[in-house]
Amino acid sequence: MNVIGSSCFTLDLLSVVDRGKWCYKPSNRRAAKWILLSITAYLAVGLVGLARGAEEIDASTLAGLKKARECFERMRVADEADQPGIREELSGLARSASKVFLTVPINEKYGTNRFVKVTLNRFGTGFDGVRFTAPPSGDRDMVFVFARPIPSAGYAVNIISMDGPMDRLFEAFEGYEGRYDEFARWGRIKDRYRPFIGSYPGGRIKAGREYAIWFAFRDDKPIDLFLGINLVETGKPLGQLIDRERALGLVVD
């Protein structure tokens, strides 16, 4: 097997040395083996350096995500009086972890849809998320849909701003499986997906700011989700499920 188009440098190094086919034409077997050992040592040092760098990055990422997941679990079982403080702590941890969240596109036009498929819980920590930047043209209402495969472990979800506190997401309303076959990508996929639809009205998505949506999962398995995030102009009705479906372009009157 030739490498980099060379007719005399092959991967079968020992047999190459034995046959004397090195480009440098070493005059004896000892010189050829010395060259081979030098190359091997050089490659080994480089690979060790790369591995150490990856371990340092992974260790920092994993530690932050695990800590956020543990904080969420504490908040879940805490007394109601203790939850606000723990929630604030979790928001800070999520902001730090959001540097590894996936950046997703958003839609800005009412009644249209733009769905993307993402894999979350990528690191097996039970905590992951997505991030996006609001358009600069005025404050917006957010309407969203998350569709997860059936069966799969559930999750908790919330939104954070990169530069300040936010109200919690309103509760999501569950849609119906198979209801959106004409309008949503997951309706045309063999696996069944269960959509959850919600809104965040009141102009609380501020122009030009960056946001993240975090997910806390019940297990350590990666999960594929379809996401749709619409940032629509304020004033549209979003209080009922049908209103949100219209805003997302999931139904046509």
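Values quoted throughout were computed directly from the atomic coordinates according to the rules given, and no laboratory measurement underlies them. These figures come from a predicted structure and were not determined experimentally. Ideal geometry is used to build each Cβ from the backbone, glycine not excepted, and the neighbour counts take in all protein chains shown.
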Task: Antiparallel content of DSSP bridges confined to the range 101-247, in %, to 5 - done: 95
Open item on the list: Quick check: pseudo-label points 7 Å beyond the Cα along Cα→Cβ at Glu73 and Arg192, how many nm apart are they?
Closed with: 3.1
TODO: Please give the length that would be gained between Ala207 and Met162 if that part of the chain were fully extended, namely 0.36 nm times their separation in residues minus their C-alpha to C-alpha distance (nm, one decimal).
DONE: 14.9 nm
- [ ] Kindly flag which residue pairs out of Lys109/Lys190; Lys67/Lys221; Lys99/Lys221; Lys66/Lys117; Lys66/Lys206 have an alpha-carbon separation exceeding 19 Å in this structure.
- [x] Lys109/Lys190; Lys99/Lys221; Lys66/Lys117; Lys66/Lys206
Open item on the list: Could you sort the peptides 76-83, 189-196 by per-residue average Cβ neighbour count (10 Å cutoff), highest mean leading?
Closed with: 189-196, 76-83
Task: Amide H contacts under 5 Å for Met166, placed H, 5+ residues apart - done: Ser161
- [ ] Tell me which residues come under 5 Å, amide H to amide H, from Tyr155 once H is placed; ignore anything under 5 positions away on its chain.
- [x] none
Open item on the list: Residues of the range 95-131 with backbone nitrogen within less than 15 Å of a virtual label 7 Å along the Cα-to-Cβ line of Ser60, please, listed as ranges.
Closed with: 96-101
TODO: Estimate the FRET efficiency between Asp219 and Lys117 by the formula 1/(1 + (r/R0)^6), using the beta-carbon distance for r and 22 Å for R0, to the nearest 0.05.
DONE: 0.65
Open item on the list: Could you derive backbone 3J(HN,Hα) for the range 203-220 from the dihedral phi with the Karplus parameters 6.51, -1.76 and 1.60 (θ = phi - 60°), listing whole Hz in sequence and x where the residue is Gly or Pro?
Closed with: x, 7, 8, 8, 4, x, 8, 9, 10, 9, 10, 9, 10, 10, 9, 7, 9, 9
Task: Placed amide H near Arg194: partners under 5 Å, 5+ positions off or other chain - done: Arg148, Ile150
